[in-house]
Every structure is written in C-alpha cells, then in structure tokens.
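Notes follow the structure.
The values are calculated or read from the model by the stated rules, or taken from the named source; none is laboratory data. These figures come from a predicted structure and were not determined experimentally. A quick note on method: Cβ atoms are made from the backbone with ideal geometry, for glycine too, and the neighbour counts reach across all protein chains shown. Each accessible area value is taken on the protein alone, full model and side chains, heavy atoms only, with ligands, DNA and RNA left out. Shrake-Rupley method; radii C 1.70, N 1.55, O 1.52, S 1.80 Å.
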Amino acid sequence: MILTDTHLAEGIYNITFDWPVFLSQLFGFAVIVWFIMKYVVPPVKKIMNNAQDQIRRQLEESEAAADRLATAKAAYDNAVAEAQAELERMREEARADADRIILQMREAAAAEVERVRKQGRDQILQYRRQMIRDLEQDLAAAMLALTEEKVREQIGSTQSRADSIERFLEDLEALANSGEARRQPQTERK
C-alpha cells in the first residue's frame, strides 16, 4: 500500500482518502442519480400520480357512495315510515269495513229473524184457522150424526112417529091460520 499524506487513521484500520477514486465514484453516483431521475423517476412519478388520482377518485366515489347510502337509508326509512302509516291506514279501513259489514250482517240477520217470525206467525194463524175450520166441520158432522141418531131413536117408536106427525100437522095448521089472519087485515086496508 502506498502511503500518502492523506491518511486518516492508523492502526488496525488503514483508512485513506483517494481523490481519483472518490471523484470517479462520485461521477458514477451522479450518473446513476441522473439516470434514475431521467428514466426511472418520471414513470414512477406518473404511476404514483395515477395511483393517487385513482385513490382520490375512489375516495370521492366512496364519499359519494356514502352520501348516496345515507340518502338511500333516509329514503328507505321514509318509505318504511310511509309503509307503516299506509299499513295502519289500511288496518283502520279494514276495521271500519269489518265493523260496517258486521253491522250490515246484524241488520240483515235481524230483518231475516223478523221475516221468519212474521212468516211463522202467519203460518200459525193459517194453521189455527184451518184447525178451527176442521174442528167446526168435525163438530157439525158430529152434531148432525148425534142429532140424526137421536131423531132416529125418537122416530124409531110408533108412538113417537105419531106424535111427530101430529105436531107437524098442528104447526102447519097454525101457520095456515096465522097466514089468513095476516091476509085479511092487508085486504081490508086496500
């Protein structure tokens, strides 16, 4: 090793400063930095800008989606509230319709009951009249049969027949005499 006056330290570490090597390494470093700045940094920067733009767009879209989600949630909540109100209104209408139908059915049932009662009363009256007629006919037939039987009993004996004929003749004579008496005063008036 060549010792120059540019020794930095002595001992186990022999550090020397060699200017030509330093300058050539510095030039190589500058070329590498220039190459990186010229050819690597612009595409990387472009990729980073694109990525940042894409991330920015995604954040904006995410915020817009969050806003849309909040709007949609508010619309959903509003729609649910309206649906609940509509459901409650429909329930009330259904209850009112049911009450009205029940009232109509009760009125119809009451009218039907009254009609059936009236028809039953009319039918009972008709049966009563028919029964009265039948009983009157049966009573008249029984009375005739009984009278006929009694008359036959009374006429069955010869004495009864003679008495009947005698009474009949007396009645005729009385009728004939009463008819002349009536005729005479009428003729005298003329």
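List of remarks:
- Within the range 104-119, the set of residues being within 27 Å of the chain's Cα centre (by Cα) and open to solvent by 100 Å² or more (accessible area, probe 1.4 Å) comprises Met105, Arg106, Glu107.
- Just one of the listed residues (Asp134, Asp99, Asp122) is open to solvent by less than 70 Å² (accessible area, probe 1.4 Å) and not basic (Lys, Arg), namely Asp134.
- Long-range neighbours under 6 Å by Cβ, at least six apart or interchain, first residue free of Cβ contacts under 8 Å to residues at least 24 places away in the same chain within the range 139-162, second open to solvent by less than 60 Å² (accessible area, probe 1.4 Å) and polar (S, T, N, Q): Gln154/Ser160
Conditions tested, residue by residue: (1) modelled with pLDDT under 95; (2) open to solvent by 100 Å² or more (accessible area, probe 1.4 Å).
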residue: Thr16; (1), (2): yes, no
residue: Phe22; (1), (2): yes, no
residue: Gln25; (1), (2): yes, yes
residue: Ala30; (1), (2): no, no
residue: Val40; (1), (2): yes, no
residue: Arg57; (1), (2): yes, yes
residue: Arg68; (1), (2): yes, yes
residue: Ala72; (1), (2): yes, no
residue: Ala85; (1), (2): yes, no
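- For the range 153-173, a residue qualifies if it is in contact with a helix residue (DSSP H, G or I) (Cβ under 6 Å, 6 or more places away or on another chain) and among the charged types (D, E, K, R), and exactly one does: Arg161.
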